[in-house]
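The values are calculated or read from the model by the stated rules, or taken from the named source; none is laboratory data. Everything quoted here is computed from the prediction, not taken from an experiment. Methodologically, a virtual Cβ is constructed for each residue, glycine included, from the backbone with ideal geometry; neighbour enumeration extends over all protein chains shown.
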Amino acid sequence: MTLDYFTGMQIIPLGDQALLVELGQTIDESTHRKVQSAWRSLAAEPLPGVTELVPAYTTVTAYYDPVQAVQSGAPANKIVDWLSDRLRDRLKNPPKTAKTKGCTVEIPVCYEGDFAPDLGVVAKQAKLTPAEVIKLHTKTEYLVYLVGFAPGFPYLGGLPKILATPRHAKPRMVVPAGSVGIGGQQTGIYPYATPGGWNLIGRTPLALFRPALHPPTLLSAGDRVKFRAITREEFFRQEAGA
Amino acid sequence: MITAQQPGLLTTVQDLGRPGYQQYGVVVGGALDALAARTANLLVGNEENAAVLEMAQTGPTLSFSRSTLVAWCGADFDAQINGEPCPRDRPVRVAAGDILRFGLARHGLRAWLAIAGGIDVPLVMGSRSTYRRAGLGGLAGRALQGADRLSCGHPSEWSQQVLEKLLASNQRATTWSVRPDTIGRPARVGVVRAMRGPEWEWFTEPAQQAFFQATWVATKDADRMGVRLKGPGLALAQPREMISSAVNAGIVQVPPAGQPIVLLPSRQSVGGYPRLAAVAAVDLRHFTQLRPGDPIRFEEISVVGAQDLLLAQARDLTRVRLGLSRLLA
């Protein structure tokens, strides 16, 4: 891996305490791989003054403390340049430990009854039967592009186009935790009971956010997700066991 | 032990935040005005990152079962101990049985109360900060409630000596004070300094000019995540799809309706609106004090300029720390 791999990379200030490392302009798997590999390279060893590295669709954001950067040798009036050089150097010569592979996580989902109030809506607009929607939804492998918005909330890519369904014009006041939904081209899982406008097609008994564990989320950016259909009995069994 | 007789409108335990977990969607959060929290902690001999109480609009009423040292910084609250004024920005002695009552903020909105030893709640993901949305940190992830009891860590040697001195001279508080407003190079009243954001070029020229020329008004759409401002509509030069990306406290994002939102420390970790500008980190604290209808203006500063302000603040804080440690020498 050389700098060529990150051709077109740009480093842009995001205020006075963060730098955006921009690795692409579109949401796609090739940009995602660059983001993942840049993120892992940057995170492999501490960078002076950098406090946190956060990947998104096309960017890795490096949060830093300007005071620490200066204590580490950055010239006070050139902190951004000094830090940008170090980020570029790291990406030019990434440490060998940098890996880019996430794991595949199977998520049990019950697509039945009141867990799936909008399964009919999705089926109707896809011109499929509910059983065919479930089959398609569980057959597909999804990519976790990033985790954000709320703790443990995965931004998933890979929804079959035919299943894309517009959000409800009027969001529900409460979407129960674990709800699996479709909002436009996106599919995702609500980690908490929140208001929400997505079409709910099922629910998982798994907790997406578990603050006592490390990592505190079931899913991390770069992971693959497969849904597996379960019965109501299995849902309650797993929920009780969790 | 401290007992909450009245919880106040929205009183939470906060330290300097929970960095390191944004990749999991967990925001940094922490005291909205870090400088005020750090100063209050220094004034009672705590580590700057010790947990404090953040209060908003109506503060709590607290009863103390033991004598200790407290200090509060921030908005102008009607704070009283047993009915006598409890001065701001300095160490204050509290005796066993005393009642500290904050009442209403006369100006501004929020204040931070430090207690010697720091508020002792469990560390969750490296922080004691309350994160209500996820129900974690602080007091079981929630705001203070009536009859809640708070315990504190061990007061430092410094804090015990100051307490003894006040007791010996029969004083309630020290005659000297440290005001956060005098640390570093503060902005002029009603003006905050801001840098251009990553999507600055996406906006029309009139929008760019209006941002730095208009007087903006704070709306009631405000919480620990951000403050929505009202003013001239800020339009994009052409419709553009923004790909969700990181945001930081201080980012000024502009949703399609064209009215900017200034993000505060409990912002979400990623955002999908164009980032027109970024408030200088040292000036963000002013947004935590705005009430609906309060005016605010933006003045342009470079990233280097904003960082210079941060460095100046850090140097001043070092001086304060040194000054306080020499006080008893």
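Sort out which residues of region B:90-124 are out of contact with any helix residue (DSSP H, G or I) (no Cβ under 7 Å at 6 or more places or on another chain) and closer than 26 Å to B:ILE183 by Cα, and write them in order of number.
Matches in region B:90-124: B:VAL92, B:PHE102, B:LEU104, B:ALA105, B:ARG106, B:HIS107, B:ALA111, B:ILE115, B:GLY117, B:GLY118, B:ILE119.
How many residues, within region A:219-242, are in a loop (DSSP other than H, G, I, E, B) and either free of Cβ contacts under 8 Å to residues at least 60 places away in the same chain or touching a Cys at 6+ places or on another chain (Cβ under 8 Å) (or both)? Even if it seems obvious, please write down each step before you answer.
Kept after step one, since they are in a loop (DSSP other than H, G, I, E, B), are these residues of region A:219-242: A:219-223, A:230-231, A:242.
Now narrow it down to the ones that are either free of Cβ contacts under 8 Å to residues at least 60 places away in the same chain or touching a Cys at 6+ places or on another chain (Cβ under 8 Å) (or both): A:223, A:230-231, A:242.
Summing the residues that are in a loop (DSSP other than H, G, I, E, B) and either free of Cβ contacts under 8 Å to residues at least 60 places away in the same chain or touching a Cys at 6+ places or on another chain (Cβ under 8 Å) (or both) in region A:219-242 gives 4.
Can you list the strands (runs of 3 or more DSSP E) found entirely within region B:3-103 that contain at least 3 residues being assigned by TED's automatic domain parsing to the domain that holds B:GLY118 and small (Gly, Ala, Ser)?
Passing ranges, in order: B:68-77.
Run A:GLU45 past the list (1) acidic (Asp, Glu); (2) surrounded by 23 or more Cβ atoms within 10 Å (Cβ to Cβ); (3) more than 8 Å from chain B (Cβ to nearest Cβ) and report the number of the one that doesn't hold.
Here A:GLU45 meets the rest and fails (2).
Look through region B:84-106, keep the residues that are within 13 Å of B:ALA40 (Cβ to Cβ) and in contact with a Lys or Arg (Cβ under 7 Å, 6 or more places away or on another chain), and return whichever of them is surrounded by the most Cβ atoms within 10 Å (Cβ to Cβ).
The extreme case among them is B:VAL92.
Return a yes/no flag: does region B:17-25 have any residue that is aromatic (Phe, Trp, Tyr) and either in contact with a Cys (Cβ under 9 Å, 6 or more places away or on another chain) or away from every other protein chain (no Cβ under 14 Å) (or both).
Within region B:17-25 (the criterion being aromatic (Phe, Trp, Tyr) and either in contact with a Cys (Cβ under 9 Å, 6 or more places away or on another chain) or away from every other protein chain (no Cβ under 14 Å) (or both)), the answer is no, since none of the residues qualifies.
Specify which of the listed residues (B:VAL192, B:VAL217) is over 29 Å from B:GLN23 (Cα atoms) and within 14 Å of chain A (Cβ to nearest Cβ). I'd like the intermediate steps shown before the answer.
Values: B:VAL217 fails: within 14 Å of chain A (Cβ to nearest Cβ).
Among B:VAL192, B:VAL217, only B:VAL192 is over 29 Å from B:GLN23 (Cα atoms) and within 14 Å of chain A (Cβ to nearest Cβ).
Which numbered condition trips up B:LEU144, out of (1) modelled with pLDDT of 95 or more; (2) in a loop (DSSP other than H, G, I, E, B); (3) surrounded by fewer than 17 Cβ atoms within 10 Å (Cβ to Cβ)?
(3)
With more than 21 Å from B:TRP176 (Cβ to Cβ) and within 12 Å of the chain's Cα centre (by Cα) as the only criterion, which of B:LEU123, B:LEU104, B:LEU53 stands out? Write out each step before concluding.
Numbers: B:LEU123 fails: within 12 Å of the chain's Cα centre (by Cα); B:LEU104 fails: within 12 Å of the chain's Cα centre (by Cα).
Of B:LEU123, B:LEU104, B:LEU53, the one residue that is more than 21 Å from B:TRP176 (Cβ to Cβ) and within 12 Å of the chain's Cα centre (by Cα) is B:LEU53.
Of the residues B:VAL282, B:VAL252, only one is assigned to a strand (DSSP E or B), within 11 Å of chain A (Cβ to nearest Cβ), at pLDDT 95 or above and within 23 Å of the chain's Cα centre (by Cα); which?
B:VAL252 is the lone residue from the list that is assigned to a strand (DSSP E or B), within 11 Å of chain A (Cβ to nearest Cβ), at pLDDT 95 or above and within 23 Å of the chain's Cα centre (by Cα).
For region A:48-68, which residues satisfy the criterion of being part of a helix (DSSP H, G or I) and either in contact with a His (Cβ under 8 Å, 6 or more places away or on another chain) or facing another protein chain (nearest Cβ under 9 Å) (or both)?
Going through region A:48-68, the residues part of a helix (DSSP H, G or I) turn out to be A:66-68.
Selection gives A:PRO66, A:VAL67.
Yes/no per residue for (1) touching a residue at least 24 places away in the same chain (Cβ under 8 Å); (2) within 15 Å of A:ALA150 (Cα to Cα); (3) more than 12 Å from chain B (Cβ to nearest Cβ); (4) polar (S, T, N, Q):
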{"site": "A:GLY184", "(1), (2), (3), (4)": "no, no, yes, no"}
{"site": "A:PRO195", "(1), (2), (3), (4)": "yes, yes, yes, no"}
{"site": "A:ARG203", "(1), (2), (3), (4)": "yes, no, yes, no"}
{"site": "A:PRO216", "(1), (2), (3), (4)": "yes, yes, no, no"}
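Every residue, every condition in (1) closer than 23 Å to B:MET55 by Cβ; (2) at pLDDT 95 or above, yes or no:
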| site | (1), (2) |
| --- | --- |
| B:LEU290 | yes, yes |
| B:ILE296 | yes, yes |
| B:ILE301 | no, yes |
| B:ARG326 | no, no |
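Hand me the list of strands (runs of 3 or more DSSP E) wholly inside region A:108-218 holding 3 or more residues that are in the same structural domain as A:ILE27 (by TED's automatic domain parsing), surrounded by 19 or more Cβ atoms within 10 Å (Cβ to Cβ) and out of contact with any helix residue (DSSP H, G or I) (no Cβ under 7 Å at 6 or more places or on another chain).
So the answer is none; nothing clears 3.
Condition test on A:ALA74, is it more than 16 Å from A:ILE12 (Cα to Cα), within 11 Å of chain B (Cβ to nearest Cβ), of a type outside the set (S, T, N, Q) and buried (at least 16 other Cβ atoms within 10 Å of the Cβ)?
Yes; evaluated as a whole, the condition is true for this residue.
Against the conditions (1) under 30 Å from B:VAL178 (Cβ atoms); (2) within 14 Å of another protein chain (Cβ to nearest Cβ); (3) basic (Lys, Arg); (4) buried (at least 21 other Cβ atoms within 10 Å of the Cβ), where does B:ARG224 fall short? Just the number, please.
Looking at each condition in turn, B:ARG224 falls short on (2).
State all residues of region B:300-313 that are of a type outside the set (S, T, N, Q) and free of Cβ contacts under 8 Å to residues at least 24 places away in the same chain; if no residue qualifies, say none.
Selection gives B:VAL304, B:ASP308, B:LEU311.
Which of (1) within 24 Å of B:GLY184 (Cα to Cα); (2) crowded, with 23+ Cβ neighbours inside 10 Å does A:VAL80 not meet, given it meets every other one?
(2)
With the checklist (1) touching a residue at least 12 places away in the same chain (Cβ under 8 Å); (2) assigned to a helix (DSSP H, G or I); (3) more than 14 Å from chain A (Cβ to nearest Cβ) in hand, flag the one item B:ARG133 doesn't pass.
Looking at each condition in turn, B:ARG133 falls short on (3).
Check off (1) surrounded by fewer than 22 Cβ atoms within 10 Å (Cβ to Cβ); (2) within 26 Å of B:VAL178 (Cα to Cα); (3) facing chain A (nearest Cβ under 9 Å) for B:GLN307 and give me the number that stays unchecked.
With respect to (1) surrounded by fewer than 22 Cβ atoms within 10 Å (Cβ to Cβ); (2) within 26 Å of B:VAL178 (Cα to Cα); (3) facing chain A (nearest Cβ under 9 Å), B:GLN307 is out only on (1).
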